[in-house]
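Asks: The structure follows.
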Amino acid sequence: MALPPQATHDEMMRDLTRLLGQQEFKNFDDMNAFLQREVTGKPLPRVLAKTDRERAEELVMAASHERSLPKLRTQVAKALTLDADCIAAHLLLAEVAESPAKALAHCRDASAAGDRVLADDLSDPNTPIWLVPNGRPYLRARHLHAELLWQTGDRPAALEEARTILRLNAGDNQGMRYILIEWLMRAGSVADIDALLSAYDEPTAAWTFTTALHRFRTQGPTADATKALRAALSANAHVAPMLLGTAPMPDELPDSYSIGHPSEAAIYVNGSISTWIDAVGALEWLEQISRPLFSGRTGPKLRLR
């Protein structure tokens with residue numbers, strides 16, 4: 001079993017949260033001065049657990065490093081005896097569940113626990129849930145819940161869960177908007193797609209190429225749609241060759257990407273190629289518009305007229 005990639009980062013956030021909780025700050029500037037003086041550029045001190053909730057979190061953190069599923073579940077069970085509302089415990093059980101149905105059940109348990117633990121924070125629409133203690137496992141659980149709902153065919157519920165996540169985490173540290181826009185392109189209304197595309201102004205392939213495809217699907221190969229496609233091709237010259245099959249996809253998807261690079265193109269094409277294929281005439285339109293813009297096949301070099 002692979003170690004959850006966020007485990008080390010979560011350990012750092014745990015120690016930082018506990019360290020700050022031991023201080024008394026008069027205001028934000030006071031807290032910021034403390035961070036600059038005691039934390040920035042220094043290893044975080046390990047802050048021991050003092051409450052049952054914190055002890056439960058320690059057990060779950062240790063369990064996330066465990067390679068044996070029986071031992072992992074034993075650790076998590078101990079955590080839940082200390083704190084039945086340990087969000088991270090329910091989330092970890094969802095991540096290692098042996099079936100989608102059981103994973104969904106654990107996600108619901110995690111969300112319900114989070115609703116109770118974070119009740120005060122959730123009641124304030126201005127609270128950045130991603131930044132509060134226990135906010136990240138809560139949002140991750142809801143993210144996994146949305147993915148599972150989509151995979152098991154409950155698309156309306158998945159869309160609603162994704163919208164809720166974006167409302168709770170307006171900064172979208174999880175990249176939920178990229179998943180939601182692709183889902184909406186498959187099962188959403190034109191109005192919903194328009195609203196989400198207009199909510200973010202960014203030069204990513206996910207946004208520029210989706211905008212172009214959306215305009216093609218609603219307008220046909222109009223001047224407006226073609227203008228959007230040319231803008232997308234300028235933003236990332238590697239997407240069209242991958243979509244059209246004239247450039248190979250990597251054997252493995254990258255873990256991260258840079259805007260305008262082949263890594264971004266591969267991630268976008270992997271998630272969106274079926275949407276392009278399903279849009280009758282879209283790939284032919286893409287080929288027609290992109291063909292004069294590229295010179296050579298040794299790597300797409302955009303040459304706008």
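Asks: Net charge near W150: determine it from the other residues with C-beta under 14 Å of the C-beta of W150, scoring Lys and Arg +1 and Asp and Glu -1.
Replies: On the way: positive: R142, R155, R163, R186; negative: E147, D154, E160, E161, E182.
Its environment carries a net charge of -1.
Asks: Quick check on the chain: what are the equivalent-ellipsoid semi-axes from the Cα gyration tensor, as sqrt(5λ), descending, whole Å? Provide the component values of the computation, followed by the final result.
Replies: Numbers: eigenvalues 344, 97, 75 Å².
Gyration-tensor ellipsoid for the chain: 41, 22, 19 Å.
Asks: Reported to two decimal places, what Rg/Rh ratio describes region 201-293 when computed on Cα atoms with Rh from the Kirkwood expression? It would help to have the intermediate numbers written out before the result.
Replies: Details: Rg = 12.2 Å, Rh = 13.0 Å.
Checking Rg against Rh, the ratio lands at 0.93.
Asks: What length, rounded to one decimal in nm, is gained on full extension from A170 through to D154, with 0.36 nm per residue of separation minus their alpha-carbon distance?
Replies: Numbers: separation 16, 0.36 × 16 = 5.76 nm, distance 2.41 nm.
Separation in residues times 0.36 nm, less the Cα-Cα distance, equals 3.4 nm.
Asks: Moving on to the next point. Of V190, G245, A112, whose Cα points farthest to the positive end of the dipole of the chain (charges on the beta-carbon: +1 Lys, Arg; -1 Asp, Glu; origin at the Cα centre)?
Replies: G245
Asks: Please arrange H106, H65 by how many other C-beta atoms lie within 10 Å of their C-beta, fewest to most.
Replies: Numbers: H106 23, H65 14.
Exposure proxy ranking, most exposed first: H65, H106.
Asks: Provide, for the chain, the number of lysine pairs with alpha carbons under 26 Å apart, each pair being eight or more places apart or on different chains.
Replies: Numbers: K26/K42; K26/K50; K42/K50; K50/K71; K50/K78; K71/K102; K78/K102; K227/K301.
Lysine pairs, 8 or more places apart or on different chains, close enough: 8.
Asks: Just want the ordering: W150, W130, from fewest to most Cβ atoms lying within 10 Å of their own Cβ.
Replies: In order of increasing Cβ crowding within 10 Å: W130, W150.
Asks: Have a look at region 104-194 and give its Rg and Dmax from the Cα atoms, expressed in angstrom.
Replies: 13.0, 37
Asks: By the scheme Lys and Arg +1, Asp and Glu -1, what is the net charge of all other residues having a beta-carbon under 11 Å from that of A56?
Replies: Values: positive: R53, R55, K78; negative: D52, E54, E57, E58, D83, D85.
Net charge around A56: -3.
None of the figures in this text is laboratory data; all of them are computed from the coordinates on show. Being a predicted model, the structure only gives us computed values, none of them experimental. Quick reminder, even Gly has a Cβ in these numbers, built from the backbone with ideal geometry, and neighbours come from all protein chains shown.
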